[in-house]
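I have placed the structure first, in the form of structure tokens, so that the comments after it can refer back to it.
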Amino acid sequence: MSQEGGMGKVSRAEWGAVALVALLQLFLLAGMARRVGVTVDEPAHLLSSHLYWSGQDKLAPRDMPPMLKIFAGSMSSRFALPVPRDHASWRGGHEWAIAIEMMNRMDRKTIEEAFFRARLPMLVFPVACGLLLWWWARTLWGPWPALAVQALMAFSPLALAHGALVKNDMAAAFGYLLFWYMAYRWWSEPSWKWAAWMGVGMAAALLAKLSMLVLPGVALVMMAAKVRTIGEKKLAGMAALTLVVPYLLCLAAYQFETRRLSEEDLRVCRDEVRAPAMACDAAQVFRVIPVARPMWEGVMGLFRSNDVAPAVYLGGHIYRNGVPGYFVKGLAVKTPELALVLWLCGLAVLLWRAARRRLASRDLLWVGPPVLYCAMASQANLQLGVRLVLPAIPFLHLLGGQALAVMNERWRRWACAAVVLLAPLPAFSVHPWELAYFNRFAGGPENGLAWLSDSNLDWGQSLRALRREVTARKIPSLKLSYFGTDNVWAYFTDQEVAPLFPPWGKQMAEGPVYRPEPGWYAISATLLTGQLFPEEYRDYYREFRAREPVARIGYSIFLYHIP
């Protein structure tokens, strides 16, 4: 990139400030990668990343695009993981079952080292997201608001929490931001160069998350709006380039495992998985040209999973299907107060500009993306956490930057400096448990379970911390009901812990409500809500919900003592 932003050359002082923000962000991320325990999805992703680099990533359900595997696997493939090829789960061919058996064969030291190594390459995405956002904000609002926007993104507890894991959420956020930035550049200067770069951005998004498959259609609609300016023939060529670049990059990333679709594939798309008709019609092209087999299987699996999505927990209530306002309410309680105020102020400025017809057409390329992504996510039943709308967060910070940009120059500098200094405080207040962050409007992380669960609060990440708490309190033994895929026995012996099985079915339940005997208990917060259990067992842990825990380990495992 050129060193010429919207406000001229970047000074050494500005580069230094940007680098300092990025380094502090990296420091927090690395600390979390080292200290935070294994989360629910990570073992399966670690396994598939490990297998990807040897060309053996063939396990079901194949619903994770390869960006995560390329980065995490670059380190995990060099580590001797105990892949259970001799176990019955391997013959079953499902990566989740195999990953659980793999975890059972790992001791504490191996688990901590393997996941730390795999997490390290993933730190690239949150840092790159902050830097790209700074550059874009600089072209829009100038140096000071841009630095504030970078700080808000870099120290967002939500972005930090999911950026330090073997997960694709921040990779998707970066890819989505990169696509729209390149689209913005193409719109401002329609050229073959920016059309190609838009294709690169689209590839980064597609290789991170399957929901990004909406972007080819979005790109074509956007480019068609320029037909009078560019001309049909040239526009057609640019559009073809924008689509061919990600197509070839995706085939390469999927290791050229391809096939052409059959009429039966399209029938399944229409009738069995009930994909949108537009998507099935667009898939007709892959009867002529090959499609990446894992991508097609992943997309079909995504539509199927939407029909069998688990219940949603929000504000103390359980909903059988998705809740329209889930992500808006989730962002309201999971976003730091300062960022929320800036978002609202930025929205007010945006509406004021719109009312006075001061919005340019290219402004839609940073105003529209968060609306589009949140709208798509809200239509789905898979509402497993606010992390699912992480790709919208950078654009909301751009909105906040606009609120700073309209101030007069003197006050703008002071306000931006204050934002940069205050932005890290929410993350530091809960570090390394940023995953469980809730703002003070919501009562803080101690009150998080009153609002949300699952990956918003408890994703199995605190098992290591429970080990330290049990040792510090000299608890001789306890019963543990754990939500997660970490290996309990890597941290505890069977003399220290007795499993308290959640009521996943009648055979595992001790009646509709569990009656605890005297002793120590550790219950994962996500299990306390009962959202994942059959309806007749939703109140299984009612006796614990009525009690104040002795401690909230990592804000996600509640420790109780029954006298």
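The values are calculated or read from the model by the stated rules, or taken from the named source; none is laboratory data. Note that the structure is a prediction, hence the values are computed from the model and not measured. Positions of Cβ are backbone-derived with ideal geometry, glycine not excepted, and every protein chain shown enters the neighbour counts.
Please tell me if residue 229 is among the β-branched types (Val, Ile, Thr), in contact (Cβ under 8 Å) with a residue 24 or more places away in the chain and crowded, with 20+ Cβ neighbours inside 10 Å.
Criteria not met by residue 229.
Among the residues of the stretch 271-282, which ones are assigned to a helix (DSSP H, G or I), under 12 Å from residue 304 (Cα atoms) and under 29 Å from the mean Cα position of the chain (by Cα)?
Of everything in the stretch 271-282, just one residue is assigned to a helix (DSSP H, G or I), under 12 Å from residue 304 (Cα atoms) and under 29 Å from the mean Cα position of the chain (by Cα), namely 272.
For the stretch 357-378, give me each residue that is under 18 Å from residue 178 (Cβ atoms) and free of Cβ contacts under 8 Å to residues at least 40 places away in the same chain.
Those that are under 18 Å from residue 178 (Cβ atoms) and free of Cβ contacts under 8 Å to residues at least 40 places away in the same chain: 364, 367, 368, 370.
Being modelled with pLDDT under 95 and either assigned to a helix (DSSP H, G or I) or of a type in the set (Gly, Ala, Ser) (or both) is true for just one of 242, 229. Which residue is that?
It is 229.
Would you confirm whether or not the stretch 532-539 contains a residue that is surrounded by fewer than 16 Cβ atoms within 10 Å (Cβ to Cβ) and either over 19 Å from residue 454 (Cα atoms) or among the polar types (S, T, N, Q) (or both)?
Within the stretch 532-539, one or more residues are surrounded by fewer than 16 Cβ atoms within 10 Å (Cβ to Cβ) and either over 19 Å from residue 454 (Cα atoms) or among the polar types (S, T, N, Q) (or both).
Just for the stretch 492-537: of the residues that are small (Gly, Ala, Ser) and within 15 Å of residue 318 (Cβ to Cβ), which one is modelled with the highest pLDDT?
525
Hey, can you tell me all the residues within the stretch 378-396 that are surrounded by fewer than 20 Cβ atoms within 10 Å (Cβ to Cβ) and touching a Phe, Trp or Tyr at 6+ places or on another chain (Cβ under 7 Å)?
Within the stretch 378-396, just 378 meets the criteria.
From the list 203, 195, 172, which residue is modelled with pLDDT of 95 or more and touching a Phe, Trp or Tyr at 6+ places or on another chain (Cβ under 8 Å)?
195
For the stretch 58-75, give me the residue count where each residue is among the charged types (D, E, K, R), assigned to a loop (DSSP other than H, G, I, E, B) and free of Cβ contacts under 8 Å to residues at least 40 places away in the same chain.
Selection size over the stretch 58-75: 1.
Residue-wise test of (1) within 30 Å of residue 352 (Cα to Cα); (2) under 21 Å from the mean Cα position of the chain (by Cα).
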{"position": "404", "(1), (2)": "yes, no"}
{"position": "407", "(1), (2)": "yes, no"}
{"position": "423", "(1), (2)": "yes, yes"}
{"position": "428", "(1), (2)": "no, yes"}
{"position": "432", "(1), (2)": "no, yes"}
{"position": "439", "(1), (2)": "yes, yes"}
{"position": "451", "(1), (2)": "no, yes"}
{"position": "455", "(1), (2)": "no, yes"}
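Considering 180, 135, which residue is aromatic (Phe, Trp, Tyr), surrounded by fewer than 24 Cβ atoms within 10 Å (Cβ to Cβ), in a helix (DSSP H, G or I) and in contact with a helix residue (DSSP H, G or I) (Cβ under 9 Å, 6 or more places away or on another chain)?
135 is the lone residue from the list that is aromatic (Phe, Trp, Tyr), surrounded by fewer than 24 Cβ atoms within 10 Å (Cβ to Cβ), in a helix (DSSP H, G or I) and in contact with a helix residue (DSSP H, G or I) (Cβ under 9 Å, 6 or more places away or on another chain).
Tell me, yes or no, whether the stretch 69-80 has at least one residue that is farther than 24 Å from residue 461 by Cα and among the hydrophobic types (A, V, I, L, M, F, W, C).
First, pick out the residues of the stretch 69-80 that are farther than 24 Å from residue 461 by Cα: 78.
Within this subset, residues satisfying the condition of being among the hydrophobic types (A, V, I, L, M, F, W, C) are none.
No: the stretch 69-80 contains no residue that is farther than 24 Å from residue 461 by Cα and among the hydrophobic types (A, V, I, L, M, F, W, C).
Being among the aliphatic types (A, V, I, L, M), more than 16 Å from the chain's Cα centre (by Cα) and surrounded by fewer than 21 Cβ atoms within 10 Å (Cβ to Cβ) is the filter here; which residues of the stretch 26-74 pass it?
26, 30, 59, 60, 70
So how many residues does the stretch 360-396 have that are of a type in the set (Val, Ile, Thr), within 13 Å of the chain's Cα centre (by Cα) and within 19 Å of residue 140 (Cα to Cα)?
1
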